[in-house]
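Peer 1: Quick one: structure below, then a few questions.
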Amino acid sequence: MKPQNAASENSFPVSRNVAKMQMSSTLKAGQIAGELRERGFDVIDLTLGEPDFPTPEFIKQYAWEGLQKGLTKYTPTAGLKTFQESICEFYAGQFGANVSPKEIVATCGGKQALFNAVCTLINPQDEVLIPKPYWVTFPEIVNFAGAKSVYIETETTDFVLTAEAVKRAITDKTKLLIINSPNNPTGRVIPPAEMRKIVEVCAERNVYVLTDECYLFFAYSPSKVFTSAALPEELRKFVCVAGSFSKTYAMTGWRIGYTIAPEEWTRQMTKLQSHSTSHPTSFVQYACARAMENSGETMDAVNGMLAEYERRKNWLIPALQSVKGFKCGEPEGAFYAFVDVREMLGNKFKNSAEVANLLLEKAHVVVTDGAGFGAEGFLRISYATSIENLQNAVAKIKQLFD
Ligand code: PLP
């Protein structure tokens with residue numbers, strides 16, 4: 001007898017939880033760019049969600065040092081002690097935060113940090129607040145956990161989440177709010193005082209807050225660089241910080257991040273992780289620990305990259321604003337321009353995907369359609385690429401639309 005759930009010849013009996021997931025739209029756009037390039041087209045890819053800088057040389061050396069020290073074995077699930085301690089030391093030095101090593105789990109990138117946090121807290125039927133536009137993975141994780149995403153519109157406050165909007169959105173079922181600042185895809189940054197108010201509103205109502213800080217330090221105004229790890233103890237009881245080395249330190253391929261969360265939440269995340277990836281690569285943890293300890297050279301490298309992103313932004317935004325039909329605010333952080341193309345919709349284009357498709361087909365410029373971020377009518381243009389690429393891309397876009 002054929003067992004229940006058995007795969008037929010050409011269909012795989014995918015689980016319900018995964019069947020309802022969508023493939024990451026940002027990865028898909030990058031794939032299209034790669035395919036066109038393989039076919040010999042001169043493609044300008046502005047979909048990149050990763051720094052175009054190489055990992056700083058000294059961090060590569062630290063990884064080599066770790067290997068030479070024989071760090072090729074399993075580490076504790078929550079990470080090497082030196083990794084945990086160095087994160088605490090770094091956050092104390094940079095932000096005056098008082099974090100204990102027992103509150104740290106080393107993860108395989110920010111994505112695993114987010115997964116761990118959501119899956120240890122959320123039950124089916126819970127509601128999770130997600131401001132719109134959102135990073136594509138947030139609703140997918142919530143969906144995977146069987147819970148319901150409840151979206152908060154932010155356009156009336158220029159895409160910056162406010163405590164007032166959070167207060168209005170909380171119901172009896174709300175268990176968690178997920179925030180990302182500096183934001184992908186909008187480039188907006190929530191001011192530190194507002195962030196604190198948002199956490200206060202949540203804490204007063206027993207709602208937890210997961211802050212995705214993977215663009216840490218990537219706010220162009222130093223006064224807007226902020227981490228919720230520096231909030232007072234009574235607020236931090238409700239907060240899990242999802243950190244990542246990917247963007248800030250140009251280490252996307254190394255797959256390393258961390259959580260900073262209250263001890264009990266941390267214990268539960270450690271338990272969950274002990275049955276999935278166990279821990280991130282041993283000598284990568286070592287390299288990151290050394291980078292955190294040597295915060296002077298690390299911050300020099302970060303500030304160098306940030307200055308270059310800012311230089312590109314300063315050229316790109318006025319250039320995009322001069323394209324007929326494009327409206328584009330000034331990004332305050334991260335490395336994305338968020339372009340409103342709603343003025344162009346109607347006869348020629350039904351939606352922003354069609355605008356993105358025309359750019360792809362006629363100009364071979366690949367951008368990400370906003371619909372995947374819950375922002376139909378917008379395009380995300382990454383400036384994690386050379387200024388020459390940006391200049392060529394804008395010239396081609398202008399040719400098409402002007
Ligand atoms: N969070 C946001 C907002 C991102 O844009 C990304 C990557 O694109 C991540 C988290 C995940 O980064 P990683 O898993 O590489 O640390």
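Peer 1: Please enumerate the residues belonging to region 325-362 that are within 16 Å of the ligand (Cβ to nearest atom), under 30 Å from G40 (Cα atoms) and assigned to a loop (DSSP other than H, G, I, E, B).
Peer 2: Residue satisfying the conditions is F335 alone.
Peer 1: Can you list residue pairs whose Cβ atoms sit under 6 Å apart, with the first residue in region 204-226 being closer than 20 Å to G93 by Cβ and the second being surrounded by fewer than 24 Cβ atoms within 10 Å (Cβ to Cβ) and among the polar types (S, T, N, Q)? Count only pairs 6 or more apart in sequence or on different chains.
Peer 2: These pairs meet every condition: E213/T227; L216/T248; F217/T248.
Peer 1: Output the number of residues of region 255-278 satisfying the condition of being buried (at least 17 other Cβ atoms within 10 Å of the Cβ) and of a type in the set (D, E, K, R).
Peer 2: Of the residues in region 255-278, 1 are buried (at least 17 other Cβ atoms within 10 Å of the Cβ) and of a type in the set (D, E, K, R).
Peer 1: Name the residues in region 96-118 that are away from the ligand (no atom under 15 Å from the Cβ) and either surrounded by 17 or more Cβ atoms within 10 Å (Cβ to Cβ) or modelled with pLDDT under 95 (or both), would you?
Peer 2: Answer for region 96-118, where residues must be away from the ligand (no atom under 15 Å from the Cβ) and either surrounded by 17 or more Cβ atoms within 10 Å (Cβ to Cβ) or modelled with pLDDT under 95 (or both): A97, V99, P101, E103, I104.
Residues checked against (1) within 16 Å of the ligand (Cβ to nearest atom); (2) open to solvent by less than 10 Å² (accessible area, probe 1.4 Å); (3) not aliphatic (A, V, I, L, M):
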| site | (1), (2), (3) |
| --- | --- |
| N143 | no, no, yes |
| S149 | yes, no, yes |
| T154 | yes, yes, yes |
| I178 | yes, yes, no |
| V199 | no, yes, no |
| E204 | no, no, yes |
| T211 | yes, yes, yes |
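Peer 1: What are the pairs with Cβ atoms under 8 angstrom where one residue, in region 255-272, is more than 16 Å from the ligand (Cβ to nearest atom) and the other, located anywhere, is part of a loop (DSSP other than H, G, I, E, B) and of a type in the set (A, V, I, L, M)? Sequence gap at least six, or different chains.
Peer 2: T266/A78; T270/A78
Peer 1: Within region 219-230, which residues are farther than 23 Å from A289 by Cα and crowded, with 21+ Cβ neighbours inside 10 Å?
Peer 2: A219
Peer 1: Filter region 41-51 down to residues that are under 14 Å from I381 (Cβ atoms) and within 16 Å of the ligand (Cβ to nearest atom) and give me whichever is surrounded by the most Cβ atoms within 10 Å (Cβ to Cβ).
Peer 2: Step by step, filter region 41-51, then rank; the result is L46.
Peer 1: Here's a follow-up. Quick check: is even one residue across region 373-385 at positive phi and in a loop (DSSP other than H, G, I, E, B)?
Peer 2: yes
Peer 1: Let me ask another. Could you tell me which residue of region 317-330 is most open to solvent (accessible area, probe 1.4 Å), considering only residues that are farther than 16 Å from Q399 by Cα and touching a helix residue (DSSP H, G or I) at 6+ places or on another chain (Cβ under 6 Å)?
Peer 2: My answer is E330.
Peer 1: Sticking with this one: Output the residues belonging to region 213-232 that are within 9 Å of the ligand (Cβ to nearest atom) and over 25 Å from S278 (Cβ atoms).
Peer 2: Result: Y215, single match.
Peer 1: List the number of the failed condition for T171; all other conditions in (1) away from the ligand (no atom under 16 Å from the Cβ); (2) more than 26 Å from P192 (Cβ to Cβ); (3) open to solvent by less than 40 Å² (accessible area, probe 1.4 Å) hold.
Peer 2: Unmet for T171, out of (1) away from the ligand (no atom under 16 Å from the Cβ); (2) more than 26 Å from P192 (Cβ to Cβ); (3) open to solvent by less than 40 Å² (accessible area, probe 1.4 Å): (3).
Peer 1: Taking region 233-253, which residues are surrounded by 23 or more Cβ atoms within 10 Å (Cβ to Cβ) and within 11 Å of the ligand (Cβ to nearest atom)?
Peer 2: Within region 233-253, A242, G243, S244, F245, K247, Y249, M251 qualify.
Peer 1: Inspect all residues belonging to region 21-41 and state whether any of them is modelled with pLDDT under 90 and under 21 Å from L272 (Cβ atoms).
Peer 2: Checked region 21-41: at least one residue is modelled with pLDDT under 90 and under 21 Å from L272 (Cβ atoms).
The values are calculated or read from the model by the stated rules, or taken from the named source; none is laboratory data. Keep in mind that this is a model prediction, so the values were computed, not measured. Every residue, glycine among them, receives a Cβ derived from its backbone with ideal geometry; neighbour counts consider all protein chains shown. Heads up: the accessible areas ignore ligands, DNA and RNA and are worked out on the full protein's heavy atoms, side chains in. Shrake-Rupley method; radii C 1.70, N 1.55, O 1.52, S 1.80 Å.
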